[in-house]
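Novice: Pasting a structure below so you can have a look.
The values are calculated or read from the model by the stated rules, or taken from the named source; none is laboratory data. Keep in mind it's a predicted model, so treat the numbers as computed, not measured. With ideal geometry, Cβ positions are generated from the backbone for all residues, glycine too; neighbour counts draw on all protein chains shown.
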Ligand code: B12
């Protein structure tokens, strides 16, 4: 598996779409874990991103790598649909004023591969739209992406709105993108992450915790 992962990441880093799909199809046919195959493709996007930062690739190359990644996800899910986790969807979006969505789409892809349902609100999402989505789906997990400075105030306003509506305590909020602990504190989120693979187990952990709390309450009640 380790070798397959390296080969997929390497082919994606060279933007060699044909080889990426050949390797992923081969891995799926061999019964390898589709999540790990998709993670390998994610590693490829990371390599492209590093090459872009070193000036070895253009922005168009980074965007193309994200497109190949998206197709790998579609292929993996079509080949072997994951068992869907029975709970309301994770609400996800890039916050108001920000249109960066490459990272968001990677995290969402990985989540869907693990069977999480996700409601993707897209980019430049207004505070009230996050609120409306949480209410209409009865979801209690909110994932926000932001990469530009104004995004931090959008995140803060979104979270303040949840507080005003009395929904803050029941909602777990994870932020990602160009964020760190200081930003997490400023916007008053629960968690921050700059690693797509971290986001998936974190959401599953939150869901399991909330489900067991609900069960305990039902038993008591
Ligand atoms: C690609 C890119 C663009 C593309 C976006 C294409 C797209 N569809 O997303 C385009 C060209 C459109 C663009 C536009 C702009 N950009 Co731009 N852009 C970038 C660039 C080069 C890469 C971002 C990226 O996709 N990285 C790769 C992904 C995979 O990484 P990621 O987003 O961090 O996501 C990872 C993690 O953070 C995590 N993650 C992300 N979200 C979440 C959420 C959760 C819940 C979890 C768990 C994890 C998680 O998972 C991902 C994978 O591990 C960055 C440079 C940089 N250093 O990041 C600048 C950058 C972000 N852009 C910048 C700027 C200024 C702009 C513009 C304002 C430029 C302009 N003058 O027009 C506009 C903004 C438009 C707007 N209103 O948003 C600045 C922001 C600086 C700042 N502090 O404000 C940066 C940092 C460049 C720079 N050094 O100046 N940009």
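Novice: Could you check segment 138-167 and list, in sequence order, the residues that are over 21 Å from residue 97 (Cβ atoms) and either buried (at least 23 other Cβ atoms within 10 Å of the Cβ) or within 21 Å of the chain's Cα centre (by Cα) (or both)?
Specialist: 138, 139, 140, 141
Novice: While we're on this one: Mind telling me which of the residues 121, 75, 110, 134 ends up being buried (at least 16 other Cβ atoms within 10 Å of the Cβ) and not assigned by TED's automatic domain parsing to the domain that holds residue 154?
Specialist: Residue meeting the stated conditions: 75.
Novice: Report, by residue number, each residue of segment 151-170 that is within 13 Å of the ligand (Cβ to nearest atom) and free of Cβ contacts under 8 Å to residues at least 60 places away in the same chain.
Specialist: The answer is 151, 152, 153, 154.
Novice: Filter segment 109-135 down to the residues that are assigned to a helix (DSSP H, G or I), within 13 Å of the ligand (Cβ to nearest atom) and in contact with a strand residue (DSSP E or B) (Cβ under 7 Å, 6 or more places away or on another chain) and list them by number.
Specialist: 111, 130
Novice: Can you name the number of the only condition in (1) surrounded by fewer than 14 Cβ atoms within 10 Å (Cβ to Cβ); (2) in contact with a helix residue (DSSP H, G or I) (Cβ under 7 Å, 6 or more places away or on another chain) that residue 50 fails?
Specialist: (2)
Novice: Considering segment 53-66 alone, what residues qualify as being surrounded by 14 or more Cβ atoms within 10 Å (Cβ to Cβ) and within 11 Å of the ligand (Cβ to nearest atom)?
Specialist: Matches in segment 53-66: 57, 61, 62, 65, 66.
Novice: When residues of segment 19-34 are filtered for being closer than 23 Å to residue 198 by Cβ and surrounded by fewer than 18 Cβ atoms within 10 Å (Cβ to Cβ), how many remain?
Specialist: 2
Novice: Still on this model: Of the numbered conditions (1) touching a helix residue (DSSP H, G or I) at 6+ places or on another chain (Cβ under 7 Å); (2) free of Cβ contacts under 8 Å to residues at least 24 places away in the same chain, residue 108 satisfies every one except a single condition; which is it?
Specialist: The number of the failed condition is (1).
Novice: Name the single residue, out of those in segment 168-187 being out of contact with any strand residue (DSSP E or B) (no Cβ under 8 Å at 6 or more places or on another chain) and assigned to a loop (DSSP other than H, G, I, E, B), that is surrounded by the most Cβ atoms within 10 Å (Cβ to Cβ).
Specialist: Looking at the filtered set, the residue picked out is 168.
Novice: For residues that are in contact (Cβ under 8 Å) with a residue 24 or more places away in the chain, assigned to a helix (DSSP H, G or I) and either more than 14 Å from the ligand (Cβ to nearest atom) or in contact with a helix residue (DSSP H, G or I) (Cβ under 9 Å, 6 or more places away or on another chain) (or both), tally how many sit in segment 136-150.
Specialist: Counting residues in segment 136-150 that are in contact (Cβ under 8 Å) with a residue 24 or more places away in the chain, assigned to a helix (DSSP H, G or I) and either more than 14 Å from the ligand (Cβ to nearest atom) or in contact with a helix residue (DSSP H, G or I) (Cβ under 9 Å, 6 or more places away or on another chain) (or both) gives 1.
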